[in-house]
Structures are given as C-alpha cells and as structure tokens.
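Q: The structure follows.
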Ligand SMILES: [Zn+2]
C-alpha cells in the first residue's frame with residue numbers, strides 16, 4: 001500500500017467517481033442499486049410491543065467512564081469508551097516513551113435532541129456519560145456525515161476550544177462538510193475534508209500548528225466491485241490535496257493514517273441539502289516501529305511476543321451510519337473495505353436505525369417488523385446485517401452502536417441487543433442462547449472481547465483490545 005509513497009500520484013484528469021452526481025462536488029448518491037420496500041409500508045405499521053423473554057440480557061445503561069485509565073501508556077492496547085449513540089473515544093498504543101498517546105473521537109453527540117431544535121425531534125433515552133469537557137485531551141475528531149445525530153456542532157466547538165498549539169485538535173470530515181465547521185469558527189487549517197478512499201497521514205508525534213500531513217490515495221482494485229470498475233483513475237483528486245504539499249520520500253516510522261471509506265447512507269440537515277455533502281466510514285491505522293519499545297514486554301520463549309524490529313499496526317474501522325442491503329443483495333463495498341484495509345483490530349458498527357418515534361413506544365406499540373425492516377434496510381443496518389458487515393470488513397472485535405441512546409421506548413432500546421445476541425447464532429452459528437455464565441446470564445453481550453466477537457458495552461463503558469503482538 002505504501003509503494004506509492006515515494007512517487008505520489010500526480011492527480012490525473014479522473015473521470016467523475018460514480019458517487020458524485022455533478023462535477024462541483026455538491027451532490028452525492030450511493031452508487032449501488034437501491035433497496036427500498038415501499039409495499040411493506042402499506043401493511044399495518046404498528047403492532048403491540050410484546051415483552052421479550054430474555055431476562056439474561058441486561059438493558060443498556062449509562063455508567064461513569066473511568067478516565068484515569070487513559071493515563072496508562074499501553075504499548076499494545078487499543079482502549080475505547082462508548083460515548084453514546086455513534087460516539088466513541090479511542091486511545092491508540094503509545095509509540096515510544098514520550099509522545100502523547102493518540103486519541104481519536106468519532107461522531108461525538110452530547111445533545112438532548114438529535115435535531116436542529118430544542119423543541120422537537122428525537123429525544124434522548126439515555127443520558128451522555130459525561131460532559132464534553134470531561135473527555136481527556138483529544139488529537140483527532142472524525143465525523144461520518146452531517147445528520148444531527150452524528151454531527152453535534154456544540155460538541156465539536158467545545159472540543160475545538162480545547163485545541164492548543166502544543167496539542168491541536170484536528171478534524172476529519174467527508175466532502176462538503178468542512179464549510180459548516182469553518183463558518184462555525186473552527187480553524188480551516190485544522191479541518192480535513194476527504195472523498196471516499198482518500199487517505200491522509202500524520203507523523204507521530206503530531207506536529208503542532210501548521211498542517212504537515214501527507215496524503216496518499218489508495219486505489220480500490222478494479223476487480224472488487226462496481227464502484228471501482230467504472231473508476232479507473234484514482235477515485236478522486238481530493239481538494240484536500242491542495243492544502244498539503246509536503247510528501248516525505250518515505251513514510252515516517254510512527255504515523256497515523258486516516259481513510260474515508262464508503263457507506264450506504266445519505267446526508268442532510270434540512271430539506272434543501274439532501275445528499276449535498278458526502279457520508280462515509282473511517283479507517284484509522286497507527287503504524288509504529290517494533291524493537292526497543294517492545295523489548296520490555298518480549299520474553300525470549302518460542303512464542304515470544306513477536307515482530308521484534310518489525311513495524312507494528314493498530315487498526316480501527318468506524319462505520320458511522322450505514323445500510324447493508326441493496327436491491328441486488330448485500331452491498332459489496334464492505335468486502336472491498338475489508339480487502340483493501342482489513343483486517344481491523346476493532347470495529348464500531350451501527351445495529352439499528354438510531355432514533356425513532358417516541359410516541360409509539362409511549363402508547364405501548366412498536367413498529368411492525370415489515371415497517372421496521374423497510375426503514376432499516378437501505379440506509380441503516382439491522383443487527384443481523386451488522387453481523388455480516390463485521391464479517392465482510394474482517395473485524396477482529398466489533399462493538400455495537402447507534403441504538404438505545406435515542407430509542408423511543410424501553411422496548412426499542414432492548415430489541416437491537418437481543419437480536420444481536422440471537423443473530424450471532426443464527427447468522428454466524430456461534431455464541432447465543434446456551435452461552436451462559438455461572439450466574440445464568442448470557443456472556444453474549446460482552447462478546448466483543450472474543451476474537452471475531454460482536455457485542456455491546458454500556459454508555460460510558462468500554463475496554464481494551466490487544467494489538468500488534
Ligand atoms: Zn445518518
């Protein structure tokens with residue numbers, strides 16, 4: 001992948017990528033056949049919410065995060081905390097004895113409502129685990145798209161206000177989203193706007209103040225999917241390239257690479273800007289040298305923690321918001337992401353449509369399965385879809401998100417979790433109902449800790465995934 005580093009591609013006159021609807025990068029669409037089941041919406045939309053018979057699966061709750069843990073300098077652990085909805089904080093391993101450990105926040109959402117108004121729109125079911133100000137110092141903020149439940153401007157401005165010359169906060173957004181941040185007062189040189197498949201690399205330690213990132217543009221293999229077969233040149237020469245002219249002759253030994261990868265979703269903060277900005281998921285990979293920094297944890301036995309002297313890697317995929325089904329079956333892009341950038345140590349994957357109508361829940365009803373699936377299929381993943389996404393991108397450990405936080409009822413907050421646990425058995429043939437611990441509780445919910453596992457944590461909860469060993 002880094003073979004192109006020493007000879008950066010001079011942007012060719014590339015044909016318009018299939019997800020660009022115009023040449024001015026102000027209109028976007030999913031380049032896959034749309035899955036939409038309008039007939040199912042004609043059936044009875046609501047049914048009585050029946051209680052679940054899974055007392056072993058505890059409802060999600062909000063707990064107080066243990067921020068002191070972030071002071072530990074793990075050199076082989078990815079630490080994460082769920083901030084609620086699609087919000088996550090991730091701390092990458094320490095690359096040496098002195099550099100800051102890199103912290104990345106994804107889609108921080110701390111608002112009471114996921115809407116432009118304080119008076120209407122989806123309201124919180126569970127509170128945030130803390131105030132934005134309570135978060136440890138952050139280096140990067142990645143935003144998946146501009147929907148209100150993912151781009152919470154107030155949270156971004158608070159994070160921005162904590163930016164210092166020594167530890168600047170750097171923002172990553174998809175094409176078209178930068179202007180909203182700039183007009184809200186965030187410094188232009190700290191916001192990087194990427195197109196699908198574009199990457200940007202920062203050396204570690206992160207240089208202060210001036211942008212010194214380097215970019216390279218990985219090219220999806222034409223064999224992989226329709227999106228790339230018609231896209232013979234590099235997917236796009238992003239405007240963000242203009243911002244950065246420094247291209248080192250070889251990659252810095254310790255570095256972090258951000259890549260915007262596709263999702264099947266949409267965007268818009270009002271009636272008039274539907275699809276006017278891009279959406280996506282984020283691959284974040286840290287590379288750092290093995291050797292001396294590794295020696296203290298290396299034993300000399302046969303199965304010593306290996307890779308001494310070799311480059312080490314920690315990788316995260318943050319899915320943002322996405323559907324899985326197209327009218328031709330599963331969206332091929334997730335296998336493509338896995339083939340180009342996987343496997344990932346840790347993936348955050350949405351398992352629900354996110355928010356819905358609370359009045360239905362208050363009346364003791366729920367959306368019927370057919371209505372629910374019709375709403376979910378194209379633009380959001382069901383728990384069963386999410387399990388397949390996790391498999392397609394080659395995630396070693398997957399953590400569920402985009403549920404319970406803005407749910408309309410207790411029933412809706414719990415349903416995704418139950419379907420995730422039961423889905424692992426039906427979809428992948430693993431874990432599930434019989435997988436109880438000694439106290440009669442399913443181990444299933446915590447399954448993310450296992451290799452290939454997919455589970456959930458409480459809001460404010462999290463854990464560590466061991467990497468680079
Ligand atoms: Zn969305």
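Q: Past the 19 angstrom mark, what percentage of all C-alpha to C-alpha distances in region 84-140 do you count?
A: For region 84-140, the share of Cα pairs beyond 19 Å comes to 41 percent.
Q: Report the FRET efficiency, 1/(1 + (r/R0)^6), for residue 162 and residue 189, where r is their Cβ-Cβ distance and R0 is 22 Å, rounded to 0.05.
A: That gives a FRET efficiency of 0.80.
Q: Okay, next question. Starting from the Cα-Cα distance between residue 61 and residue 119, subtract it from 0.36 nm times their residue separation and give me the gain in nm to one decimal.
A: Contour length minus Cα-Cα distance gives 18.4 nm.
Q: Suppose we take every Cα in region 47-114 and form the convex hull; what volume per residue is that in Å³?
A: Spelled out: Cα convex hull of region 47-114, divided by residues, is 152 Å³.
Q: Also, I was wondering about something else. Can you compute the FRET efficiency between residue 425 and residue 274 using 1/(1 + (r/R0)^6), with r the Cβ-Cβ distance and R0 = 35 Å? Round to the nearest 0.05.
A: According to the calculation, E is roughly 0.35.
Q: If packing is taken as the average number of other Cβ atoms within 10 Å across a peptide's residues, how do 345-353, 163-171 rank, most packed first?
A: Ranked from most to least packed, the peptides come out as 345-353, 163-171.
Q: Order of 335, 310 from fewest to most other C-beta atoms within 10 Å?
A: 310, 335
Q: Treat each spin label as a single point 7 Å out from the Cα along the C-beta direction, and report the residue 179 to residue 97 distance in nm.
A: 5.1 nm
Q: For the pair residue 69/residue 310, report the inter-label distance in nm, with labels modelled 7 Å from Cα in the Cβ direction.
A: Roughly 2.9 nm, to one decimal.
Q: Once the Cβ-Cβ distance between residue 52 and residue 250 is put in as r, and R0 is 51 Å, what FRET efficiency do you end up with, to the nearest 0.05?
A: About 0.40, to the nearest 0.05.
Q: While we're looking at this one, here's another question. Under a plain spin-label model, where a point goes 7 Å from the Cα along Cα-to-Cβ, how far apart in nm are residue 21 and residue 410?
A: 4.3 nm
Q: Still on this structure, please answer the following. Within 10 Å of each residue's Cβ, count the other Cβ atoms and sort 398, 281 from fewest upward.
A: Arranged by neighbour count, lowest to highest, 398, 281 become 398, 281.
No lab work stands behind these numbers, since they all come straight from the coordinates. Quick caveat: nothing in here was measured; it's all calculated off a predicted structure. Backbone-built Cβ (ideal geometry, glycine too); neighbour counts: all protein chains shown.
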